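One structure is given here, and the rest of the page talks about it.
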Amino acid sequence: MTANPDSVHGGHITGIGATRRSDSWWLSPAFVVAFIGMCFGYGTWAAFQGAHYWVGPSSGEAFGGYLSPLYSPVLLWASAAGAAPENHSWLGSFPSWWPDTILSPRSPALLILIFPGLFRFTCYYYRKAYYRAFAAAPPGCSVEGVRKGRYQGETRLFVFQNLHRYAMYTALVFNCILTYDAIQAFFYGGSFGIGVGSIVLTINATLLAFYTFGCHSLRHLIGGRLNCFTCDGTTRMGGHAWNIGTFFNERHMKIAWLSLGWVMFTDLYVRMVSTGVWTDFNTWSEPAQTAARSVGL
Ligand code: FES
């Protein structure tokens, strides 16, 4: 941040953090480091717990319950306090040969988080944010960053960033699954109702859908690749879809942070209710947190 006026390169002051800017440009990268650090730290911790990711009736047979988005879908199941009922698992139980070590606990979250994680990591907006905040390359517009030698873009070490389109396809599937979870959150033992958790899970599914709708890759896929928006009925539909994508795309940055924070909060909410620390206020007669404790193994 200290500038040496004698050291000028192509009109710019040189030296790490050197700039002629007088605003608080460092606030944005500082926020990114703090917020991503907090979410990554909490998410990793929660994923390794393998427990207290479910709130629902003790039988587990009837439709309904709250499932943490970090654990959805439950591909493989293992007995644990606050685990979802076994019949919620897509592929049955963890096999007996599964190594139950500290690095590979039988946690359903560890089987699925790679997909939403890759979608976020390769997001065009997040790239800008974390390249600035973590690599300082550069830390901001008109701010001198760490020199990295010859620029090779995303053709070498970061070539996997080009997988973003494929990560987006998986995100569309996750949007459907999380929407199903949000619908399920309005039922308890097969009875329709509403609780604070129903609203928390619905907001989560909505924000994640809005985040996906604003994706640059999706916007290209639904209309951006077209040369004409008015040539026929199909291209007109593509044009309308592109306009909707543009609406969300213009708000992609804000929705990215909101949705990331809300995913973590949703897991925290389910976890706190499942452990009995928080009470879920709802319209069902059986308090959800009591049922959650009784289903704990
Ligand atoms: Fe951000 Fe695709 S560009 S999710």
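Remarks
- Answer from Gly239, Gly153 - the residue that is among the small types (Gly, Ala, Ser), in a loop (DSSP other than H, G, I, E, B) and more than 15 Å from Phe119 (Cβ to Cβ): Gly153
- Extreme residue, nearest to Met168 (Cα to Cα), among residues of segment 252-278 that are free of Cβ contacts under 8 Å to residues at least 40 places away in the same chain and over 16 Å from the mean Cα position of the chain (by Cα): Met272
- The residue pairs whose first member lies in segment 214-227 and is farther than 13 Å from Tyr166 by Cα, whose second member is within 7 Å of the ligand (Cβ to nearest atom) and of a type outside the set (Lys, Arg), and whose beta carbons are closer than 7 Å, counting only pairs six or more residues apart or on different chains, are Gly214/His252.
- Taking first residues from segment 79-91 that are of a type in the set (D, E, K, R) and partners that are crowded, with 16+ Cβ neighbours inside 10 Å and not in a loop (DSSP other than H, G, I, E, B), the Cβ contacts under 7 Å between residues at least 6 apart in sequence or on separate chains come to Glu86/Trp77.
- Residues that are crowded, with 16+ Cβ neighbours inside 10 Å and in a loop (DSSP other than H, G, I, E, B) within segment 60-74 comprise Gly60, Gly64, Gly65, Ser68, Ser72, Pro73, Val74, listed in sequence order.
- Residue-level check: of (1) away from the ligand (no atom under 16 Å from the Cβ); (2) touching a Ser or Thr at 6+ places or on another chain (Cβ under 7 Å); (3) within 30 Å of Ile203 (Cβ to Cβ), Val143 misses just (3).
- Test result for Ala137, among the hydrophobic types (A, V, I, L, M, F, W, C), outside any helix (DSSP H, G or I) and in contact with a strand residue (DSSP E or B) (Cβ under 6 Å, 6 or more places away or on another chain): no
- Segment 86-106 - residue that is closer than 28 Å to Gly65 by Cα and among the hydrophobic types (A, V, I, L, M, F, W, C) and, of those, farthest from the chain's Cα centre (by Cα): Trp98
- Segment 14-67, residues that are farther than 20 Å from Phe121 by Cβ and among the hydrophobic types (A, V, I, L, M, F, W, C): Ile16, Ala18, Trp25, Trp26, Leu27, Ala30, Ala51, Trp54, Val55, Ala62, Phe63, Leu67
Residue-by-condition table, conditions (1) away from the ligand (no atom under 15 Å from the Cβ); (2) under 21 Å from Gly15 (Cα atoms):
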{"position": "Ile112", "(1), (2)": "yes, no"}
{"position": "Pro116", "(1), (2)": "no, no"}
{"position": "Thr122", "(1), (2)": "no, no"}
{"position": "Arg132", "(1), (2)": "yes, yes"}
{"position": "Arg147", "(1), (2)": "yes, yes"}
{"position": "Arg150", "(1), (2)": "yes, yes"}
{"position": "Leu157", "(1), (2)": "yes, no"}
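- The listed residue being modelled with pLDDT of 95 or more, among the aliphatic types (A, V, I, L, M) and within 30 Å of Gly145 (Cβ to Cβ), out of Leu118, Leu113, Leu76, Leu91: Leu118
The values are calculated or read from the model by the stated rules, or taken from the named source; none is laboratory data. Everything quoted here is computed from the prediction, not taken from an experiment. Glycine also receives a Cβ, built like all others from the backbone with ideal geometry; neighbour counts cover every protein chain displayed.
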